[in-house]
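> Quick one: structure below, then a few questions.
The values are calculated or read from the model by the stated rules, or taken from the named source; none is laboratory data. Everything numeric in this text was worked out from a predicted model, so none of it was measured. All Cβ positions, glycine included, derive from the backbone under ideal geometry; neighbour counts span all protein chains shown.
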Amino acid sequence: MTGTGQTAGALLKQAEEHLQAAGVPEPASDAWMIFEFVTGWRRADYLLRRGEILTADTAENFREKIALRCRRIPAQQIVGEAWFMGYPFYVNEHVLTPRADTECLAEAVLAWQNSLADPAGADLLDMCTGSGCIGISLGLLGEFRSVTLADISPEALAVAAENVRRLAEEAPKTAFLLQQSDLFSAFAGQRFHVITANPPYIPAEQISGLMAEVKDHEPHLALDGGTDGLDFYRKLAEECPEHLITGGRIFWEIGWDQGPDVCGLLQAAGYTEIEIKQDLAGHDRVVTAVTDRR
């Protein structure tokens, strides 16, 4: 992008054109996200001030970030923030960008929690936590007694820790804990009321066909679910019962076409009350079940 002395409106329009030419899926939305981050303007500000000429430093900063987006670096990584369940989460290249589809998992947990005799007395383990968006949101909105955020990646846990630092004060009744762990290796003898997980579930051979934003700029450790995408579900199905109280429940995100296979794994492992929940697009997105196996 070039040009000096451009108005805010002209600069934003030019950015949209550059993003569109680069094949960015939602050029107008991403151009605005970056513009808002750089200028601090809201929509009302823009409508009133789009004829203004931005300072040279601000314009250059905006152009540099648009150039990064043209390289298909996710806009959320460029601005360092992604919204989930109404909260702004810090993100970087070490974690998956929180997605709206995953919110149906958090909503399902909250609906279940409301059915408990002591909703605020429950303990939650969020496995494969990444940014911590699931567990932290549930601590903020559900006021669990404790929320433990677990991940094998120390870099991901550092991101989750930063999000706890930024957001935890809004949930003073919830204790947030962080634990580096290869699945349950660090949780011997510990039990929880609910275990959530958004594990890696992309079949390995499909990763190369994903959008550039995902395959090139999100951690493969959080994507690769093995040959058929089900490796982590097999491990979780086997190990979760040892870490759930009687009547405890699991809530896992799944791929849109994995519902029957994951349900089969749960049935074979002795789970009951198995249910699939759809996202807003009508795709299978969450599996939930109960286990009393010890």
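> Of the conditions (1) in a helix (DSSP H, G or I); (2) farther than 19 Å from V79 by Cα; (3) under 29 Å from the mean Cα position of the chain (by Cα), F37 clears all except one; give me its number.
Among (1) in a helix (DSSP H, G or I); (2) farther than 19 Å from V79 by Cα; (3) under 29 Å from the mean Cα position of the chain (by Cα), F37 violates only (2).
> Hey, another quick one. Could we say that P199 is of a type outside the set (F, W, Y) and touching a residue at least 12 places away in the same chain (Cβ under 8 Å) here?
Taking the combined requirement at face value, the residue satisfies it.
> Scanning for something of a type outside the set (A, V, I, L, M), within 27 Å of Y271 (Cβ to Cβ) and touching an Asp or Glu at 6+ places or on another chain (Cβ under 9 Å), does the stretch 208-222 turn up at least one residue?
Taking every residue of the stretch 208-222 in turn, none turns out to be of a type outside the set (A, V, I, L, M), within 27 Å of Y271 (Cβ to Cβ) and touching an Asp or Glu at 6+ places or on another chain (Cβ under 9 Å).
> Just give me the residues in the stretch 138-169 being farther than 22 Å from L110 by Cα and aliphatic (A, V, I, L, M), in sequence order.
Residues satisfying the conditions are I152, A156, L157, A158, V159, A161.
> Further, regarding this structure: Which condition number in (1) within 12 Å of the chain's Cα centre (by Cα); (2) in the same structural domain as F251 (by TED's automatic domain parsing) is the one that W83 fails?
(2)
> Restricting attention to the stretch 244-258, does a residue exist that is farther than 19 Å from C133 by Cβ and in contact with a Gly (Cβ under 8 Å, 6 or more places away or on another chain)?
yes
> Further question on the same structure: Assigned to a loop (DSSP other than H, G, I, E, B) and either modelled with pLDDT of 95 or more or hydrophobic (A, V, I, L, M, F, W, C) (or both): which single residue out of L68, L96 fits that description?
L96
> Sticking with this one: Only one residue in D228, D279, D284, D257 is surrounded by 14 or more Cβ atoms within 10 Å (Cβ to Cβ), among the charged types (D, E, K, R), more than 22 Å from D182 (Cα to Cα) and free of Cβ contacts under 8 Å to residues at least 40 places away in the same chain, so which one is that?
D284
> Across the stretch 215-251, what is the number of residues that are hydroxyl-bearing (S, T, Y) and touching a helix residue (DSSP H, G or I) at 6+ places or on another chain (Cβ under 9 Å)?
The total comes to 2.
> Another question about this same structure. If you take the residues of the stretch 74-93 that are assigned to a helix (DSSP H, G or I) and of a type in the set (V, I, T), which of them is farthest from A212 (Cα to Cα)?
V79
> If you scan the stretch 162-216, which residues turn out to be among the β-branched types (V, I, T) and over 14 Å from F144 (Cα atoms)?
V164, I202, I207, V214
> Of everything in the stretch 121-147, what is closer than 14 Å to A171 by Cβ and polar (S, T, N, Q)? Give them in sequence order.
Across the stretch 121-147, the qualifying residues are S137, S146.
> Can I ask one more? Being buried (at least 16 other Cβ atoms within 10 Å of the Cβ) and either assigned to a loop (DSSP other than H, G, I, E, B) or over 15 Å from the mean Cα position of the chain (by Cα) (or both) is the filter; apply it to the stretch 159-168 and report the residue that is modelled with the lowest pLDDT.
A168
> Only one residue in L116, L141 is in a loop (DSSP other than H, G, I, E, B) and in contact (Cβ under 8 Å) with a residue 40 or more places away in the chain. Which one?
Going through L116, L141 in turn, the sole match is L116.
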